[in-house]
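Scroll down for the structure; my scribbles are underneath it.
The values are calculated or read from the model by the stated rules, or taken from the named source; none is laboratory data. Here the structure is a predicted model, which is why all the values come from computation and not from measurement. Glycine also receives a Cβ, built like all others from the backbone with ideal geometry; neighbour counts cover every protein chain displayed.
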């Protein structure tokens, strides 16, 4: 490059003009199969946020949804069919992580 | 801002800033399959017993070549029982926890674990060269001596097939969807769930698709085979994905 700035990535040096990065915003741990948590520091109004869920007990993570108006994350067990055996065991030790890309 | 550091890209998105730590590479490696088949090129990887398993604020991305797919299934090997009407037995691949199935022309699966910069070993330590950025709490937000996680985009996918325009070559995926059948008496069928396919160098597709084979139903009362006339879901839920460059 003749000017500007580059960053070291897995794909080598990349122009800062063309790179998107993720930054850590917030995290909390959960131990119940359902619940809510308020995260005022997170915003997804422009679609450039992301929430991930990492389980510590190797079991299935909860299904979750984010309400950007109330800033509340809700989680619960996935919608299971009562008429067939459920092969998922629900995690009771997990962590939500909030990311931003903007 | 009245002071500090902010460097943005052409979209005016922050790349380097002094507010929050960005994500960087923490470790990487290659997984070998714990099981192969039933179809050519189908492999299963038990992530939970490998260093690819994320903990804390980490996230794992798997590199997927064009034309290949990957799926996530957090299953246990024991699959139902009384008082259920049916039991499922002998899946070909789904016998491990935190399992990722993969179809590829090569059996190994490259993984990359990223974490926030202040959790990267030695990030922010004096190195004698380069550039570091800290926030007002003294937390390192960026370090030029570490590998920056270059992301593409993330989102949620339901039951509708979704095409994603992205030149990213790696994905982090969590899925809760599972269905099986229909099953004719005595026969087997596929297990279906969210499958992420890298369809080209500039696109991905995430849709409900075949993940595994070999499932059949058996009555727990007398052990005879049973049939499932339709294709009932087991879990009906969304998938969440995040794309990145590795």
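Observations on the model:
- Within the range B:180-223, the residues that satisfy the criterion of being farther than 22 Å from residue B:243 by Cβ and either within 16 Å of the chain's Cα centre (by Cα) or modelled with pLDDT of 70 or more (or both) are B:180, B:189, B:190, B:191, B:192, B:210, B:212, B:213.
- For the range B:104-133, the set of residues classified as surrounded by fewer than 20 Cβ atoms within 10 Å (Cβ to Cβ), away from chain A (no Cβ under 14 Å) and at pLDDT 70 or above consists of B:104, B:106, B:107, B:108, B:121, B:122, B:125, B:126, B:128, listed by residue number.
- The set of residues in the range B:145-163 being in a loop (DSSP other than H, G, I, E, B) and over 30 Å from residue A:8 (Cβ atoms) consists of B:158, B:159, B:160, B:161.
- Residue A:58 passes every criterion in (1) surrounded by 15 or more Cβ atoms within 10 Å (Cβ to Cβ); (2) more than 7 Å from every other protein chain (Cβ to nearest Cβ); (3) assigned to a loop (DSSP other than H, G, I, E, B) apart from (2).
- Sole residue being touching a helix residue (DSSP H, G or I) at 6+ places or on another chain (Cβ under 7 Å) and over 30 Å from residue B:51 (Cβ atoms), chosen from A:4, A:47, A:35: A:4
- Enumerated strands (runs of 3 or more DSSP E) restricted to the range B:3-53, each holding at least 3 residues that are buried (at least 19 other Cβ atoms within 10 Å of the Cβ) and away from chain A (no Cβ under 12 Å): B:42-46
- Within the range A:17-48, the set of residues being buried (at least 19 other Cβ atoms within 10 Å of the Cβ) and within 10 Å of chain B (Cβ to nearest Cβ) comprises A:19, A:20, A:21, A:22, A:23, A:24, A:25.
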